[in-house]
Amino acid sequence: MEDSLSLLDLAKLQLNELEMIESMYPNSDEFKVDDPSVVRQIKDFVEGKSNELPPRLDFTLWFDIKGKKLEVSFSLPHDYPQSEPEIYARSAFLSRDHQYNLNCALMDYLTSLPAGELCLSSIILWLQENLLAYFSCDSMECHKAEQPKGEIALNRLWIYSHHIYNKYKRKRILELARELKLTGFCLPGKPGVICVEGSSDCCNYFWQDIKHMNWKKIVLKKSEDLETENNAINTGKHFQTFDEVSFQPRRGPAKEYHMDMGDFFKYLEEHNCSYAFSDLFGVDGKSGL
């Protein structure tokens, strides 16, 4: 595929591929565009009725594997197929390990495909041919986090990303952290920051899972071992829940939002972890006025 394709040309290709998928999965319990108004906005952009770049196209497919449902989320960057789509598979009928292995195999297959070419039909075919192997276990391990037995090892991870805007990624981060019973926060915007704290196994699983998503840049900046009192898992934590947080942003180019560093530093101070600011950004922090 030519490198010179414009966003208008790429939007046309995305619409054509979407129509093909709709013809393959006409039922609403198999296929759904997350926000149908986005399709209309893309069409208006393609037809010249609007000069404003539409939102990214996100949709979901559901596969039935012997009565067990698998949900696969797709998010297409504006320059897809010149860049890879973001894809994530999940199911209540898969153990944590099987779900992780499935997504790793899916990403490996995606990166093996020719760069710059339409690939959604190939991905769907791969899923159809390979899913059964991940559901073949007769007994399912609980994919939710269990309290570890014996001595508890606690961690706190500080994760830095070039940016966190995508709604799917933000939803996945929240769901996974809460599923694993981790506390902390996710700060979307540019840059993006994630902090998780909890059992070492769950923190490591969280990091391994999210780093396999498509990122411009994501780095584990700091890992802390936490001390516990009387083997109580909640001691030594700075946070009681896991939440997405936001501060007064400033508008950047291309509708990007940049977080207010002063307000973020104040938030860290309120949770007794302002020391992490310099680890994340390489400079000392200062509270907002």
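As an exercise, identify the trypsin sites (Lys or Arg not before Pro) in the stretch 2-83 lying in DSSP coil whose Cβ has no more than 15 other Cβ atoms within 10 Å.
Lys49, Lys66
Work from the charge dipole of the stretch 7-134 (Cβ charges, +1 for Lys and Arg, -1 for Asp and Glu, about the Cα centre) and give the residue of Ala133, Ile21, Leu120 farthest towards its positive end.
The residue sitting most towards the positive pole is Ala133.
Report the trypsin sites (Lys or Arg not before Pro) located in the stretch 156-228 that are in a DSSP loop and have at most 11 other Cβ atoms inside 10 Å of their Cβ, or state none.
Within the stretch 156-228, the qualifying trypsin sites (Lys or Arg not before Pro) (loop, at most 11 other Cβ atoms within 10 Å) are Lys216, Lys217.
Among the GluC sites (Glu not before Pro) in the stretch 158-233, which ones are in a DSSP loop with at most 16 other Cβ atoms within 10 Å of the Cβ? Mind listing them?
Answer in residue order: Glu227, Glu229.
To make sure I understand, if each residue's beta carbon is the centre and we count other beta carbons within 10 Å, what order do Val46, Val72 fall in, fewest to most?
In order of increasing Cβ crowding within 10 Å: Val46, Val72.
With +1 on each Lys and Arg Cβ and -1 on each Asp and Glu Cβ, how big is the dipole of the stretch 7-134 about its Cα centre, in debye rounded to the nearest 20?
Taking the Cα centre of the stretch 7-134 as origin, the dipole is about 340 debye.
Using the crude model of +1 on Lys and Arg Cβ and -1 on Asp and Glu Cβ, and no other charge, please compute the dipole size for the stretch 28-93 relative to its Cα centre, in debye to 20.
Its charge dipole is roughly 240 debye.
How far is it, in nm, from the label point at Val219 to the one at Asp108 when both lie 7 Å from their Cα along the line to the Cβ?
Inter-label distance under the simple model: 2.8 nm.
Run through all the Cα pairs of the stretch 7-134 and give the fraction in each 5 Å bin from 0, expressed as whole percent.
Once binned at 5 Å, the Cα pair distances of the stretch 7-134 give 2, 10, 20, 22, 19, 14, 7, 4, 2, 0.
Stretch Asp35-Gln240 to full length: gain in nm at 0.36 nm per residue minus the Cα-Cα span?
Gain on extension, Asp35 to Gln240, equals 70.5 nm.
Along the positive direction of the dipole of the stretch 7-134 (beta-carbon charges: Lys, Arg +1; Asp, Glu -1; about the Cα centre), which of Tyr109, Gly67, Val39 reaches farthest?
The listed residue farthest towards the positive side: Gly67.
Okay, which of the stretch 154-188 sit inside 14 Å, backbone N to the point 7 Å along the Cα-Cβ direction of Asp263?
Hits in the stretch 154-188 for Asp263 at 14 Å: 187-188.
Values quoted throughout were computed directly from the atomic coordinates according to the rules given, and no laboratory measurement underlies them. Remember, predicted model here, so these are calculated numbers, not experimental data. FYI the Cβ positions are ideal-geometry reconstructions off the backbone, even for glycines, and counts take in every protein chain you see.
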